[in-house]
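Read through the structure below, which is laid out as structure tokens, and then see the notes.
Every number in this text was worked out from the coordinates using simple rules, so none of it is lab data. All of these numbers come straight from a predicted model, not from anything done at the bench. A quick note on method: Cβ atoms are made from the backbone with ideal geometry, for glycine too, and the neighbour counts reach across all protein chains shown.
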Amino acid sequence: MAPLDFALVRHALNLAKKTGMDEVDLELGDSKFHAIFDEKAKKPAPAPPKQTAAQIAEEAASNQKPIKSHNVGIFRDKGDNMKIGGEVEVGDVLGAVVALGISNDVVSSVQGRISEVNVLDNEPVEYGQVIAVVEVQ
């Protein structure tokens, strides 16, 4: 069976928009696509990849906390704090992951100083990929 292609996805999105649908789910073989037009209809984000007990213990003991992508797409840097040494607060927007024209903010869940930047502006990112590491203060 052929995988989902861009033309099929575009056709489904245009049709959904014309008919007033809030959400689109496409599935063809192993290929899946999901889009939401109305934030109120948004499904909860999938659970992050499972970590081993050793990874969890190491992360808890360390004052280094990763900021991870919750989407697949292209990373767009949104500020001066997205550099090594940049100060971040809880809730600061470090950038966005853009896919199919939909922008999803990457938000800091901790306060501290950025110690690693793992993704640059306009680079592709995967779900769960570490965007930056923050040294918690």
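Measuring r between the beta carbons of SER62 and ASP105 and using R0 = 25 Å, the FRET efficiency lands at 0.50.
When the Cα positions of ASN122, GLN64, VAL133 are compared along the charge dipole of the chain, ASN122 comes out farthest toward the positive end, with charges on each C-beta of Lys, Arg, Asp and Glu.
Backbone amide hydrogens, once placed in the peptide plane, bring GLY86 within less than 5 Å of ILE114, excluding anything fewer than 5 places away on its chain. Of the peptides 77-85, 20-28, the order by per-residue mean of other Cβ atoms within 10 Å, starting with the highest, comes out as 77-85, 20-28.
In the list [x] 17.5, 52; [y] 13.7, 43; [z] 16.6, 55, the label attached to Rg and Dmax of the Cα atoms in Å as derived from the coordinates here is [x]. Over the chain, DSSP H runs of length four or greater, each weighted -39,500 (n - 2.57), average out per residue to a 222 nm ellipticity of -5000 deg cm²/dmol.
Dipole size of the chain about its Cα centre, with +1 on Lys/Arg Cβ and -1 on Asp/Glu Cβ: approximately 320 debye, rounded to the nearest 20. Taking 0.36 nm per residue of separation and subtracting the current Cα-Cα distance, fully stretching the chain between ASN14 and ILE74 would add 19.4 nm. Under 5 Å from the amide H of ASP92 lie the amide H atoms of SER108, each residue being 5 or more positions distant or on a separate chain, with H modelled from the backbone and absent for Pro and chain starts.
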